[in-house]
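Enquirer: Below: one structure in structure tokens.
The values are calculated or read from the model by the stated rules, or taken from the named source; none is laboratory data. Remember, it's a predicted structure, so these values are computed and weren't measured experimentally. Cβ sites come from the backbone with ideal geometry, for glycine too, and all protein chains shown count toward neighbours. Side chains included, ligands, DNA and RNA excluded: accessible areas come from the protein's heavy atoms. Shrake-Rupley method; radii C 1.70, N 1.55, O 1.52, S 1.80 Å.
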Amino acid sequence: MKKGYFGDFGGQFIPELLMPPLLELEQAMQTILPTEEFQTRFIAMLKENVGRPSAITHCPNLSRDLGLDLWLKREDLNHSGAHKINNTLGQGLLAKMMGKTTLLAETGAGMHGVATAVAAAMLDMKCLVYMGATDVVRQAPNVNRMRLMGAEIVAVESGTKTLKDAINEALRRWLSDQETTHYCFGTAAGPHPFPTLVREFQQVISREARQQFMERNDGRLPDVVVACVGGGSNAIGMFHHFVPDPSVAIVGVEAAGTGEPGCDNSAPLNLGTDGILHGMKTKLLQTPQGQILPSHSIAPGLDYPGVGPEHAHLHATGRATYVTINDAQAINAFKTLSRREGIIPALESSHAVAYAIEHRAELKGKSVLVCLSGRGDKDMAIVDSIL
Amino acid sequence: MNPMQSKIETAKAKGKVALIPFLPAGFPSRDQFWKELEQLDAAGAAVIEIGMPFSDPVADGPVVEKASLKCLEDGIDLAWIFEGLKARKGTFNAALLLMGYLNPVYQYGLDAFGADCAAAGVSGLIIADLPHEESGFVKQAMAPHGVALVPLIGLNTSLDRMRLYAKDAQGFCYFVSVLGTTGQRESLPERIREKLTEARSIFTIPIALGFGIKHPDQLANFAGLMDAAVFGSALITHIATGHTSTQFMEPWQ
């Protein structure tokens, strides 16, 4: 297989001027990542700062309601409230050991920006976060959290003023500042080596969850593993160690938007076509002429017109199934999990929970392990405006 | 020899720096675009670089991005570009070069794109998001149609990577003079000179200097180290403020 590819997907479709920092990063993955110094420090940070291992939680009430056996992998319990920090601490430490002084990040909802700000503060690095101007307004609490931790926020006024434009601007900034700056990419997408690097830091989710589930279930594996997919970092982390288990069905949940025919959505695997954006060949929401379409989801963290290339590959081979959940179904799951189990899920993770609710008939009697990628406090304003 | 190279060498033989103006297709308007091209051609452009608009132009600065997005809103696409060029085939003295990003070209179909380039008199292609590692399939598809993939190199391109590009490059080599996007601030001339000297030792085809070129005075520093100058943002700003391409080209003669 070609370097940096997952089947037909992936690659390094970026300007030549960004190749040197990507090659430098690839080199660092080989020389720094496996060292005892890196591993010791990283494991200590995950334990003492993030609070890993994160729990798995059985949901007795909802299991009874739905007629299945529902378990959650609790990434929402991590410091800063989501899985994002697994990646930012890993990349932050790697960058620090590479001699970089600044962490650069894009963010949509602000969760990756917050997690990068945490990493930068911990590692005594500068932090620069690019965020679409529209998102800066609608995610004000996260903007304040980032600023409090010392991050500089750059509001992006170009294009659709959302995540994809923040990525464009962050790539431009990296191009200029590559000597001192590491681009702490937020999801398992973008040019090689980011999809592999981010998976490396997120695979801890399934490494723990697989072992925890088996410990609680007499050595049995779950029947179904579920995660929401935007760029796809929590999902690739949740899927990775289950991919070799043929008995485990793997389900990724994309955001269908409002669910009306032809509505803006964030479901490139289900509704998109092959194309090239942000350094990778993958599935994209685009016009027949190759112009990228605006995406939509009520969950800001899923609101992206592309998807990580490894998901495109798992989709193409059929190893994983990708379904869609719409805004209303996600809101229903948000409320249901809160009411029945006392856990307020992020709207992103609510899409994964909604899969278990909406597909309960076909899941009857099965054990279902859902990645609860983040907590829902950040979404109260969005949900309040709807309820 | 690729027409882009022969046009640049013709200018060189006259002791001039070859001029490569860049305009996004459909800028400043559908009709006016073709008039600007005629003016640029009449004013002695060696190669005219035409931008293919893309929604996410990561290698471009704000001036080019804004102009390109406006053209997209006006409905400019590859079919419109090819149709207009085919209707004017043979009327340009300059060689024609298309510049853009891979996705629109990929969706058009590489073979169809190459064939339409040939039919429209286009002899070169710059894809900003296509480094050497990924370029094989594009080169292969363009070769039968006589369309050269122009390499982009810059201040951070190592000698080894220059060699990768030099191996089968045709037309000219585009040297990006800043570590940044189009139209950005200038870099130190010493650093550019040093890197251009390296590029000279490796490329046998002409070298064009671009990104942040606003005025011919900037080129005095690089005499003998480059053969052509590309200017885009400065030309766009000039036209957007109500001036003509002819006026812009005057000081460069």
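Enquirer: Being away from chain B (no Cβ under 14 Å) and part of a loop (DSSP other than H, G, I, E, B): is that true of A:Ser54 here?
Expert: Judged against the criteria, A:Ser54 is a match.
Enquirer: Taking the conditions exactly as written (facing chain A (nearest Cβ under 10 Å), at pLDDT 95 or above and touching a Gly at 6+ places or on another chain (Cβ under 8 Å)), does B:Val176 satisfy them or not?
Expert: Against the criterion (facing chain A (nearest Cβ under 10 Å), at pLDDT 95 or above and touching a Gly at 6+ places or on another chain (Cβ under 8 Å)), B:Val176 does not qualify.
Enquirer: Run A:Gln178 past the list (1) surrounded by 24 or more Cβ atoms within 10 Å (Cβ to Cβ); (2) within 11 Å of chain B (Cβ to nearest Cβ); (3) farther than 24 Å from A:Lys283 by Cβ; (4) touching a residue at least 60 places away in the same chain (Cβ under 8 Å) and report the number of the one that doesn't hold.
Expert: Only one criterion in (1) surrounded by 24 or more Cβ atoms within 10 Å (Cβ to Cβ); (2) within 11 Å of chain B (Cβ to nearest Cβ); (3) farther than 24 Å from A:Lys283 by Cβ; (4) touching a residue at least 60 places away in the same chain (Cβ under 8 Å) is unmet by A:Gln178, namely (1).
Enquirer: Just to verify a result, which residue in region A:231-281, among those that are more than 14 Å from every other protein chain (Cβ to nearest Cβ), within 14 Å of A:Pro305 (Cβ to Cβ) and part of a helix (DSSP H, G or I), is most open to solvent (accessible area, probe 1.4 Å)?
Expert: Filtering region A:231-281 for residues that are more than 14 Å from every other protein chain (Cβ to nearest Cβ), within 14 Å of A:Pro305 (Cβ to Cβ) and part of a helix (DSSP H, G or I), the one most open to solvent (accessible area, probe 1.4 Å) comes out as A:Leu271.
Enquirer: Got a sec? Which helices (runs of 4 or more DSSP H) wholly within region B:66-158 have at least 2 residues that are within 10 Å of another protein chain (Cβ to nearest Cβ) and within 27 Å of B:Ile236 (Cα to Cα)?
Expert: B:78-87, B:102-108
Enquirer: If B:Leu23 passes every condition in (1) within 14 Å of chain A (Cβ to nearest Cβ); (2) open to solvent by less than 40 Å² (accessible area, probe 1.4 Å) but one, which one does it miss?
Expert: Looking at each condition in turn, B:Leu23 falls short on (1).
Enquirer: Which of the helices (runs of 4 or more DSSP H) found entirely inside region B:167-252 contain at least 3 residues meeting this: over 29 Å from B:Ser135 (Cβ atoms)?
Expert: B:233-240, B:245-249
Enquirer: State which residue pairs qualify: first residue open to solvent by less than 80 Å² (accessible area, probe 1.4 Å) and inside region B:76-91, second residue modelled with pLDDT of 95 or more and hydroxyl-bearing (Ser, Thr, Tyr) in any location, beta carbons under 6 Å apart, and separation of 6 or more residues or different chains.
Expert: Hits for this filter: B:Leu78/B:Tyr108.
Enquirer: Let me ask something additional. Would you tally the residues in region B:45-65 being open to solvent by 40 Å² or more (accessible area, probe 1.4 Å) and within 10 Å of chain A (Cβ to nearest Cβ)?
Expert: 1
Enquirer: To continue, here is another question. Restricting the search to region A:320-341, which residues are touching a residue at least 40 places away in the same chain (Cβ under 8 Å), of a type outside the set (Ser, Thr, Tyr) and open to solvent by less than 60 Å² (accessible area, probe 1.4 Å)?
Expert: Matches in region A:320-341: A:Ala320, A:Val323, A:Ile325, A:Asn326, A:Asp327, A:Gln329, A:Ala330, A:Ile331, A:Phe334, A:Leu337, A:Glu341.
Enquirer: Which residue, of A:Pro34, A:Pro20, is open to solvent by 10 Å² or more (accessible area, probe 1.4 Å), in a loop (DSSP other than H, G, I, E, B) and either closer than 20 Å to B:Leu130 by Cβ or not assigned by TED's automatic domain parsing to the domain that holds A:His278 (or both)?
Expert: Criteria check complete, one pass: A:Pro34.
Enquirer: Being farther than 26 Å from B:Ala43 by Cβ, buried (at least 18 other Cβ atoms within 10 Å of the Cβ) and without any contact (Cβ under 8 Å) to a residue 40 or more places away in the chain narrows it down to one residue among B:Leu179, B:Leu196; which is it?
Expert: The unique qualifying residue is B:Leu179.
Enquirer: Being at negative phi and more than 8 Å from every other protein chain (Cβ to nearest Cβ) is the filter here; which residues of region A:2-17 pass it?
Expert: A:Lys2, A:Tyr5, A:Phe6, A:Asp8, A:Phe9
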